[in-house]
1. Report every pair of residues separated by at least 6 positions or lying on different chains whose Cβ atoms are under 8 Å apart, first residue within region 85-114 and closer than 11 Å to LEU173 by Cβ, second modelled with pLDDT under 80 and part of a helix (DSSP H, G or I).
2. I need the full set of residues from region 165-181 which are modelled with pLDDT of 85 or more and in contact with a helix residue (DSSP H, G or I) (Cβ under 9 Å, 6 or more places away or on another chain), in order please.
3. Could you tell me which of the residues LEU173, LEU124, LEU98 is out of contact with any strand residue (DSSP E or B) (no Cβ under 9 Å at 6 or more places or on another chain), part of a loop (DSSP other than H, G, I, E, B) and surrounded by 16 or more Cβ atoms within 10 Å (Cβ to Cβ)?
4. Do we find a residue being exposed (fewer than 15 other Cβ atoms within 10 Å of the Cβ), part of a helix (DSSP H, G or I) and among the polar types (S, T, N, Q) anywhere in region 108-116?
5. Given the structure, is ASP114 modelled with pLDDT of 80 or more and of a type in the set (D, E, K, R)?
6. Keeping to region 132-155, report how many residues are crowded, with 20+ Cβ neighbours inside 10 Å and of a type in the set (Ser, Thr, Tyr).
7. Which residue pairs have Cβ atoms closer than 6 Å, lie 6 or more positions apart in sequence or on different chains, and pair a first residue in region 145-168 that is more than 20 Å from ALA18 (Cα to Cα) with a second residue that is of a type in the set (Gly, Ala, Ser)?
Amino acid sequence: MSSLVAIILIIIVVLLVAWYISAYNGLIRTRTHVQESWSQIDVQLKRRNDLIPNLVSTTKGYANYEQSTLKKVVELRNQLTAVPADDHQQTMEVSNQLSTTLRSLFALSENYPDLKANTQFTQLMEELTNTENKIAYSRQLYNTSVANLTMKIQSFPSNVVANIHHFQASDYLQVPEEEKTAPKVNFDDFGQDK
């Protein structure tokens, strides 16, 4: 009878060790996925930063009167490259400002038909737009990865392993407050003859 108890205890210990290893590896895998997701954002930000000098030089020749916008784009690009690599929230705040400034630069191109017709500018604008879309997708993937890690860290029984090994949840990337407010649309004058 005592050998049966010993076998049962050995099986229980083996199952607990297997569960512990599985829980630990799952936490490692999820944390690595968060890091990989951030890396994808970083890659797209680098791509955008590499495209900006070409955009600025292409635009400079046409938009002589819009130097403040070009200067702001360059300043934000430089500021973005100076943010510490581990400060994800600051990186995204500066990136959001840069995205807004780039949109205003694209809108300014409407005032310059020659610039709008320039194939290099059009190509750069398209590449930057595609990159902005990839950044948005990567942000969504990052936040999903953070949610998965947070669930594992907070859920029983994996939270036991997470606490033993000091796993920390990552912060979600937040949408800036100014992007949360709905634009004000006024239809008072719509459809009226003037």
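The values are calculated or read from the model by the stated rules, or taken from the named source; none is laboratory data. Values in this document were obtained by computation on a predicted structure and should not be read as measured data. Cβ sites come from the backbone with ideal geometry, for glycine too, and all protein chains shown count toward neighbours.
1. Hits for this filter: ASN96/GLU179.
2. Across region 165-181, the qualifying residues are HIS165, PHE167, GLN168, ALA169, SER170, ASP171, TYR172, LEU173.
3. LEU173
4. yes
5. Taking the combined requirement at face value, the residue does not satisfy it.
6. Total satisfying the criteria: 3.
7. Between residues of region 145-168 that are more than 20 Å from ALA18 (Cα to Cα) and residues that are of a type in the set (Gly, Ala, Ser), the close pairs are SER145/SER37; VAL146/SER170; THR150/ALA169.
A quick yes/no check of all residues on (1) among the aliphatic types (A, V, I, L, M); (2) surrounded by 19 or more Cβ atoms within 10 Å (Cβ to Cβ):
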residue: TRP38; (1), (2): no, yes
residue: ASP42; (1), (2): no, no
residue: LEU45; (1), (2): yes, yes
residue: LEU102; (1), (2): yes, yes
residue: THR129; (1), (2): no, no
